[in-house]
Amino acid sequence: MQILVVDDETDVRDLFLQRFRREIRSGEFNFSFAFSGEEAMQFMRKHHSEVLIILSDINMPGMSGLELLGHVKEEFDMPPTTMMMITAYGDNDIFKQAMELGANDLLTKPVDFVVLKEKLLQLLP
C-alpha cells in the first residue's frame, strides 16, 4: 500500500521508517514523504494513481494540510481512497472543518503509532 506522508518537520521521515520497518520490509506499506503541501501536490501529479493514503499535517507553512486536502479532492478524478489529517490541535472546529472538506480521519500529535498502524491495516485490501 502506497502512503504519502506530508509534514514540514523532516524528522517525521525517520520516525515513520522506524515505527513501520517490519511492514515496509514485508511490502505491506510503502512510504513516500513530502515536506510541504506544494511538494505533495507535485508528487500527486506524478503518482496519483499509486497513492492510496495521504497522511497530512494540518499546520504547515505555505499550503496548509486543509488546503492540500481541498486541492487533492478538486484536482484528481480518482483522489486517494483515504486522506487522514494530523494536527497538534485536536479541537472540534478543526475536526469538523477537516471532515467537511472530505478527510476520512483526524489524528492528533503526538501520533499514537499503535492506533495509526491499526487504522492502516484495516485499509489493506
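Data table
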{"item": "Value at 222 nm in deg cm²/dmol, rounded to 500, when DSSP H runs of n ≥ 4 in the chain each add -39,500 (n - 2.57)", "result": "-13000 deg cm²/dmol"}
{"item": "Mean Cα-pair separation over length for the chain, i.e. relative contact order, pairs under 8 Å, 6 or more apart, %", "result": "23 percent"}
{"item": "FRET efficiency for residue 104 and residue 74, using Cβ-Cβ distance with R0 set to 22 Å, rounded to 0.05", "result": "0.85"}
{"item": "Loop chymotrypsin sites (Phe, Trp or Tyr not before Pro), the range 1-104 (other Cβ atoms within 10 Å of the site Cβ: 11 or fewer; DSSP)", "result": "89"}
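Each value in this text was obtained by applying a stated rule to the coordinates, not by laboratory testing. Only a predicted model underlies this, so the values are computations on that prediction, with no experimental measurement involved. Positions of Cβ are backbone-derived with ideal geometry, glycine not excepted, and every protein chain shown enters the neighbour counts.
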